[in-house]
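Peer 1: Below you'll find the structure I mean.
No value in this document is a laboratory result; all are computed from the given coordinates. All of these numbers come straight from a predicted model, not from anything done at the bench. Here the Cβ positions follow ideal geometry from the backbone for every residue, glycine too, while neighbour counts run over all protein chains shown.
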Amino acid sequence: MKTSRNDLRIRFASLTTIAAIALFVAVSIALTMTPGASAASHDVSISNFAFSPNSITIAPGDTVTWTNSDGTTHTVIGSNESWGSGNMANGQTYTHQFNETGDFTYHCAIHPSMTGVVHVTSDGGTPQQPHSPGLSSSALIAIIAAVAVVAAVSIVVLWRRMRSKKA
Ligand SMILES: [Cu+2]
């Protein structure tokens, strides 16, 4: 009796551990493989009457922060005027999030010769990673769900066995 109960306890413990590890691995894989999981922030400095860099490539959802490092007041205004800052004195910043892909040219409203462009591309300008097997997110969700269900069922079955043995 004692040995069998201990035996069950060991089996229960190892199964729980295995299930937990499997779940952890599945979630880790899913997180590393989910593209664009983290939005990046980019900095553009305004100095010597120029945007630096005056051309950047980012991914959708990324933000760009312009900082006026000149003693002169500048602005950042999109060419279509749908986005942009007000007057920026020295040290002031303006941040804009770009959610759609495209080329967004902009300039300084006070000094129109100051121009720049933000390229928003799906790969954010980084060379496409050799994205292993290319599992779709729905497939990943299915795998995670399956692992979770198997783990839960195993735990419940073993728990019940343990209780019935006890009784
Ligand atoms: Cu300016």
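Peer 1: Count charges around Thr57 for me, please; just the other residues with Cβ under 13 Å from its Cβ, Lys/Arg as +1, Asp/Glu as -1. Before the final figure, lay out each step's value.
Peer 2: Values: positive: none; negative: Asp62, Asp103, Asp123.
Its environment carries a net charge of -3.
Peer 1: Using a basic spin-label model with each label point 7 Å from the Cα along Cα→Cβ, how many nm lie between Asn54 and Asn87?
Peer 2: For Asn54 paired with Asn87, the spin-label model returns 2.5 nm.
Peer 1: Just to be sure I understand the curve: with the Debye formula and one point per C-alpha of region 41-120, what is log10 I(q)/I(0) at q = 0.14, 0.19, 0.20, 0.25 Å⁻¹?
Peer 2: Summing over Cα pairs of region 41-120 leads to -0.37, -0.70, -0.78, -1.24.
Peer 1: Kindly state, to the nearest 0.05, the FRET efficiency for Thr115 paired with Ala142, given R0 = 45 Å and r defined as their beta-carbon distance. Write out the running numbers ahead of the final one.
Peer 2: On the way: r = 48 Å, r/R0 = 1.07.
The calculated FRET efficiency here is 0.40.
Peer 1: Where does the charge balance sit around Val120 when Lys and Arg score +1, Asp and Glu -1, over other residues with C-beta under 14 Å from its C-beta?
Peer 2: Working: positive: none; negative: Asp62, Glu100, Asp103, Asp123.
Result for the local shell: -4.
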